[in-house]
1. Using beta carbons and a limit of 9 Å, which pairs, at least six apart or on different chains, have the first residue in the stretch 33-56 and charged (D, E, K, R) and away from ligand 2 (no atom under 16 Å from the Cβ) and the second one open to solvent by 20 Å² or more (accessible area, probe 1.4 Å) and in a strand (DSSP E or B)?
2. From the list 158, 184, 191, exactly one residue is away from ligand 3 (no atom under 16 Å from the Cβ), in contact (Cβ under 8 Å) with a residue 40 or more places away in the chain and either surrounded by 18 or more Cβ atoms within 10 Å (Cβ to Cβ) or more than 22 Å from residue 103 (Cα to Cα) (or both). Which is it?
3. Please work out if residue 84 is in contact with a Leu (Cβ under 6 Å, 6 or more places away or on another chain) and assigned to a helix (DSSP H, G or I).
4. Before we move on, is residue 167 surrounded by fewer than 20 Cβ atoms within 10 Å (Cβ to Cβ), within 15 Å of ligand 3 (Cβ to nearest atom) and either closer than 30 Å to residue 241 by Cβ or in contact (Cβ under 8 Å) with a residue 12 or more places away in the chain (or both)?
5. Tally up the residues in the stretch 114-167 that are within 15 Å of ligand 2 (Cβ to nearest atom) and among the polar types (S, T, N, Q), please.
6. Just name the residue that is nearest to ligand 1 (Cβ to nearest atom) out of those in the stretch 138-152 that are assigned to a loop (DSSP other than H, G, I, E, B) and surrounded by fewer than 20 Cβ atoms within 10 Å (Cβ to Cβ).
7. Taking the stretch 197-214 as the region of interest, how many residues are aliphatic (A, V, I, L, M) and either surrounded by fewer than 19 Cβ atoms within 10 Å (Cβ to Cβ) or out of contact with any Ser or Thr (no Cβ under 7 Å at 6 or more places or on another chain) (or both)?
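The values are calculated or read from the model by the stated rules, or taken from the named source; none is laboratory data. Keep in mind it's a predicted model, so treat the numbers as computed, not measured. Glycine gets a Cβ as well: all are built from the backbone with ideal geometry, and neighbour counts include every protein chain shown. Surface areas here come from the heavy atoms of the whole protein model, side chains and all, with no ligands, DNA or RNA. Shrake-Rupley method; radii C 1.70, N 1.55, O 1.52, S 1.80 Å.
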Amino acid sequence: MQAELGTVRSDWTRKEVEALFALPFNDLVFEAQRVHRIHFKANEVQVSTLCSIKTGACPEDCAYCPQSARYNTGLEKEKLMAVAKVIEEAKEAKAAGATRFCMGAAWRSPRARDMEIVTEMVKEVKELGLETCMTLGMLDESQAQNLADAGLDYYNHNLDTSPEYYCDIITTRTYQDRLDTLANVRSAGMNVCSGGIVGMGEEESDRIGLMLQLANMEQQPESVPINQLVRVEGTPLAEQEELDPFDFIRCIAVARLMMPKSHVRLSAGREQMNDQTQAWAFMAGANSIFYGEKLLTTTNPEENKDMALFKRLGIEPEKSRVREEPKAVPVPKLNEQFYEAAN
Ligand code: SAM
Ligand code: DTB
Ligand code: SF4
């Protein structure tokens, strides 16, 4: 293997990623933490707040999602929120310490009249001095451009899983549709936020497939949310077997190693994790969380519980996303076992 760990590469091979997953847990996490420290302040975590601007009644059939109209999850649907209400929530998020405000809508893709409203939301949230992120479903080129022109900083659109497992989870849009949206977001000049979900019954080879898709993009996503499946009653994945927390941490560590300059977000599922698992996720290179008592529709840890955990771990919320280029990059060398297996 030519390249050293800690450098951004888009030529990862399956064999290499298999070798990462096969490492002893401590070796994997140790290397991920070393790489993390090259590019980021060791004890800072970026804090984003989610806001569901349009809830439920979604026509898509994503098997994990409480917002799909196809499943009876008891969720109360809500129309697109008024701009003034969104601004009120953004102000609260800022006062609570968030630096990024992520607005999510349960749409397959936005319609023309939705676009007028969401672009106004972007402009007004930005005026508050917050970074903006949206997740609205599929975007064509001109929709992506409109959002970029309004000043949207990030667009979230997850690949969710490997191309192979994808059809078991979603049938109403293709993997290629998702890649096309991400390409439109990138060409419009916005930052890309894309990741997936772990714990949907996928094999390790699917986790490897997802990581390969994300890391081998021409330009890696700036933000990579790793969600643990929240098993919601009424969805087809409600009875899914519980995920081994160490397998979740492994995914975080592999994402950190393969996408060394990206923010890796410990996303959905924190409510179901204990403090120790979350601490391990930070050790493995996660440096972003969703903050606030609610994700989109499911619960998240209470804000004061999160701040208490940060305090116990000596973690500070990240002040700005401006990254300093490392002055001298130490070259970490992963243990020989990895190089032997990967070559
Ligand atoms: N409707 C838009 C779309 O799907 O592109 C945006 C909102 S959608 C809820 C955003 C992401 O949330 C999904 O891609 C999925 O990765 C994640 N998500 C939804 N339900 C989840 C669950 N039960 N557990 C974990 N992640 C979930
Ligand atoms: C992402 O990757 N996770 C967030 C965000 N992007 C939009 C959503 C998590 C949703 C969890 C289920 C819910 O609360 O509805
Ligand atoms: Fe709809 Fe998004 Fe949920 Fe899929 S993940 S059902 S597209 S809200």
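1. Cβ pairs passing all conditions: 41/316; 44/316; 44/317.
2. Details: 158 fails: away from ligand 3 (no atom under 16 Å from the Cβ); 191 fails: in contact (Cβ under 8 Å) with a residue 40 or more places away in the chain.
Only one candidate passes the filter, namely 184.
3. Working: in contact with a Leu (Cβ under 6 Å, 6 or more places away or on another chain): no; assigned to a helix (DSSP H, G or I): yes.
When the stated conditions are applied, residue 84 does not pass them.
4. The answer is yes for residue 167.
5. Looking only at that region, the number is 5.
6. Step one: of the stretch 138-152, the residues assigned to a loop (DSSP other than H, G, I, E, B) are 138-140, 151-152.
Filter once more, keeping what is surrounded by fewer than 20 Cβ atoms within 10 Å (Cβ to Cβ): 138, 140, 151.
On the way: 138: 7, 140: 14, 151: 20 Å.
For the stretch 138-152, the residue satisfying everything is 138.
7. Qualifying residue count, the stretch 197-214: 4.
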